[in-house]
1. Looking only at strands (runs of 3 or more DSSP E) that lie completely in the stretch 44-91, which have at least 1 residues being aromatic (Phe, Trp, Tyr) and under 26 Å from SER131 (Cβ atoms)?
2. Which condition number in (1) open to solvent by 60 Å² or more (accessible area, probe 1.4 Å); (2) assigned to a strand (DSSP E or B); (3) touching a Gly at 6+ places or on another chain (Cβ under 9 Å) is the one that GLU39 fails?
3. Restricting to the stretch 194-213, give me the number of residues that are surrounded by 23 or more Cβ atoms within 10 Å (Cβ to Cβ) and not β-branched (Val, Ile, Thr).
4. Would you confirm whether any residue within the stretch 66-76 is open to solvent by 40 Å² or more (accessible area, probe 1.4 Å) and either under 25 Å from ARG172 (Cβ atoms) or at pLDDT 95 or above (or both)?
5. Restricting to the stretch 41-58, and then to whatever is out of contact with any strand residue (DSSP E or B) (no Cβ under 6 Å at 6 or more places or on another chain) and farther than 19 Å from LYS103 by Cβ, can you tell me which residue is modelled with the highest pLDDT?
6. Looking at the structure I just gave you, is THR117 on the phi < 0 side of the Ramachandran plot, part of a loop (DSSP other than H, G, I, E, B) and of a type outside the set (Asp, Glu)?
7. Taking ALA114 as the residue in question, decide whether it is open to solvent by less than 70 Å² (accessible area, probe 1.4 Å) and out of contact with any helix residue (DSSP H, G or I) (no Cβ under 8 Å at 6 or more places or on another chain).
8. Confirm whether VAL63 is touching a Ser or Thr at 6+ places or on another chain (Cβ under 9 Å), at pLDDT 95 or above and under 30 Å from GLY16 (Cβ atoms).
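The values are calculated or read from the model by the stated rules, or taken from the named source; none is laboratory data. Remember, it's a predicted structure, so these values are computed and weren't measured experimentally. Every residue, glycine among them, receives a Cβ derived from its backbone with ideal geometry; neighbour counts consider all protein chains shown. Surface accessibility is based on the protein's heavy atoms, side chains included, excluding ligands, DNA and RNA. Shrake-Rupley method; radii C 1.70, N 1.55, O 1.52, S 1.80 Å.
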Amino acid sequence: MVDRLANSEANSKRIGVVEACFGTAGQPLAIPGRVLIGEGVLTKLCRKRPKARQFFLFNDILVYGNIVIQKKKYNKQHIIPLESVTIDTVEDEGDLRNGWLIKTPTKSFAVYAATATEKSEWMSHISKCVSDLLEKSGKSPTGEHAAVWVPDSEATVCMRCQKVKFTPVNRRHHCRKCGFVVCGPCSEKKFLLPSQSSKPVRVCEFCYKQLSSDSYSHSEISGNNISDDDDDDDSSD
């Protein structure tokens, strides 16, 4: 069915509408063979709090953005190649229900659908697109994924030293390797994680020691050189 839709006028119009919703700030989405499979609003678990995001599933990419005007305008376009995606279900917990993890080498996060049926449909369609892409390319599934960040609200004290309490002065930081919420003294090091960035990124002391003992090439930078915007909310969005 996807092959039949690939070059259809209806599919081209649908993709054109999505492009228009992102405006000039978004990347062009129309390429030969690309098909829009479905779309919908999912709740994305960000570092500060869960936020509604508009998602678009294509046969080769997953696109999402902030909702500016409901069903009409979105910004901060994110594009995720499906070849690198792995998904895992998330158990229901409190108000967070019908969720699953979207894991990639550069970024991993949890999303939640409004109903169990929507969750099942989303996961089924994503899995089918990923398997079709891997079959066509002959590639193997991605083995390494970025850590899912623990939300700020789940840590009142540093998850490594268990001593430092977080306050407006003692800010929360995230280790890019394990995703833990850690204090400044426990995350003064940076390490090069090529799948996530071309520059060394913040890691906790525990992960730094593990990474240093492995065969990775690394670069250490003192905590004084880690910028305050290193953990901005957008970095987990």
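1. Working: elements: 50-58, 61-69, 73-81, 86-90.
Strands (runs of 3 or more DSSP E) meeting the threshold: 50-58, 61-69.
2. Unmet for GLU39, out of (1) open to solvent by 60 Å² or more (accessible area, probe 1.4 Å); (2) assigned to a strand (DSSP E or B); (3) touching a Gly at 6+ places or on another chain (Cβ under 9 Å): (3).
3. Step one: filter the stretch 194-213 for residues surrounded by 23 or more Cβ atoms within 10 Å (Cβ to Cβ), giving 202-204, 207.
Then keep just the ones that are not β-branched (Val, Ile, Thr); that gives 202, 204, 207.
Adding up the residues that qualify gives 3.
4. First pass over the stretch 66-76, keeping only residues open to solvent by 40 Å² or more (accessible area, probe 1.4 Å): 67-73, 75-76.
Cutting the leftovers down to either under 25 Å from ARG172 (Cβ atoms) or at pLDDT 95 or above (or both) gives us 76.
Yes, the stretch 66-76 contains a residue that is open to solvent by 40 Å² or more (accessible area, probe 1.4 Å) and either under 25 Å from ARG172 (Cβ atoms) or at pLDDT 95 or above (or both).
5. Start the filter on the stretch 41-58 by keeping residues that are out of contact with any strand residue (DSSP E or B) (no Cβ under 6 Å at 6 or more places or on another chain), which leaves 46-49.
Keeping just the survivors that are farther than 19 Å from LYS103 by Cβ gives 48-49.
Working: LYS48: 85, ARG49: 89.
Within the stretch 41-58, the match that is modelled with the highest pLDDT is ARG49.
6. Working: on the phi < 0 side of the Ramachandran plot: yes; part of a loop (DSSP other than H, G, I, E, B): no; of a type outside the set (Asp, Glu): yes.
Spelling it out, it is not the case that THR117 is on the phi < 0 side of the Ramachandran plot, part of a loop (DSSP other than H, G, I, E, B) and of a type outside the set (Asp, Glu).
7. Values: open to solvent by less than 70 Å² (accessible area, probe 1.4 Å): no; out of contact with any helix residue (DSSP H, G or I) (no Cβ under 8 Å at 6 or more places or on another chain): yes.
Answer is no for this residue.
8. Details: touching a Ser or Thr at 6+ places or on another chain (Cβ under 9 Å): no; at pLDDT 95 or above: yes; under 30 Å from GLY16 (Cβ atoms): yes.
Judged against the criteria, VAL63 is not a match.
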